Amino acid sequence: MTDAAKQLLELLSERSFKRGQFTLASGATSNYYIDGRMSEVHSKGAFLIGQVLYEATKDLAFDAIGGMAVGAVPLTTAAVMQYHLNGRAVEGFWVRDKQKAHGTGKLVEGAVKAGDRVVVVDDVITSGGSSVKAIDAVKEMGCQVVQVLSLVDRLQGAAKLFRELGVPYRSVLTIRDFGIDVPDQG
């Protein structure tokens, strides 16, 4: 684990990790929750997220990085800023839940275009359903997804899903890094 990933784990543990009873986006219930936004919109958190996303993708050949709105917006912003600081231009994008009914009517916001190689990011992945929506949207545009990257994998089957879809996947951290011992379903 890189130094930036260790610092991010500490910050997420302090600001985002909670115990209790929660309903997840997938509809499942859990006795813990990671409210990533509590760290993503913090100055140190945004900086560390940019660093870990850069470190995890800097050797990939890709044109754009992004994912589902609203969760991927701060991740995308942090990543493209870090790429700029490291002298590489990368486009950011995010996918709306539904196509806009006004303006340009876009489903995918940003300058991503057909033929682009993209990385799809997510803060916390459980089953992978949200990332699949982003994958489908950019593929529909003619993009190639070269990787799905999450900050935290809850180890609830997302890795298996992405393997079945033929999309490379990795995570910076897993729920085990937070002291939660779960069987890996992926």
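The values are calculated or read from the model by the stated rules, or taken from the named source; none is laboratory data. No experiment lies behind these values; they were computed from the predicted model shown. Positions of Cβ are generated from backbone atoms using ideal geometry, with glycine treated the same way; all protein chains shown enter the neighbour counts. What goes into the accessible areas is simple: the full protein's heavy atoms, side chains included, and nothing from ligands, DNA or RNA. Shrake-Rupley method; radii C 1.70, N 1.55, O 1.52, S 1.80 Å.
Any residue at all in the stretch 70-79 that is of a type in the set (A, V, I, L, M), at pLDDT 95 or above and outside any helix (DSSP H, G or I)?
Within the stretch 70-79 (the criterion being of a type in the set (A, V, I, L, M), at pLDDT 95 or above and outside any helix (DSSP H, G or I)), the answer is no, since none of the residues qualifies.
Among the numbered criteria (1) open to solvent by 20 Å² or more (accessible area, probe 1.4 Å); (2) at positive phi, which single criterion is violated by residue 155?
Here residue 155 meets the rest and fails (1).
Between 23, 2, which is more than 23 Å from residue 167 (Cβ to Cβ), touching a Ser or Thr at 6+ places or on another chain (Cβ under 6 Å) and open to solvent by 30 Å² or more (accessible area, probe 1.4 Å)?
23
Of everything in the stretch 26-53, what is surrounded by fewer than 18 Cβ atoms within 10 Å (Cβ to Cβ), part of a loop (DSSP other than H, G, I, E, B) and not aliphatic (A, V, I, L, M)? Give them in sequence order.
26, 27, 35, 42 - these are the residues of the stretch 26-53 that are surrounded by fewer than 18 Cβ atoms within 10 Å (Cβ to Cβ), part of a loop (DSSP other than H, G, I, E, B) and not aliphatic (A, V, I, L, M).
For the stretch 126-145, name all the residues that are surrounded by fewer than 19 Cβ atoms within 10 Å (Cβ to Cβ) and either of a type in the set (A, V, I, L, M) or at pLDDT below 95 (or both).
Matches in the stretch 126-145: 129, 132, 141.
One residue is enough: does the stretch 74-93 have a residue meeting the conditions open to solvent by 70 Å² or more (accessible area, probe 1.4 Å) and basic (Lys, Arg)?
Looking for residues that are open to solvent by 70 Å² or more (accessible area, probe 1.4 Å) and basic (Lys, Arg), one finds none in the stretch 74-93, hence no.
Yes or no: the stretch 142-156 includes at least one residue that is within 23 Å of residue 35 (Cβ to Cβ), touching a strand residue (DSSP E or B) at 6+ places or on another chain (Cβ under 7 Å) and among the basic types (Lys, Arg).
Yes, that holds for at least one residue.
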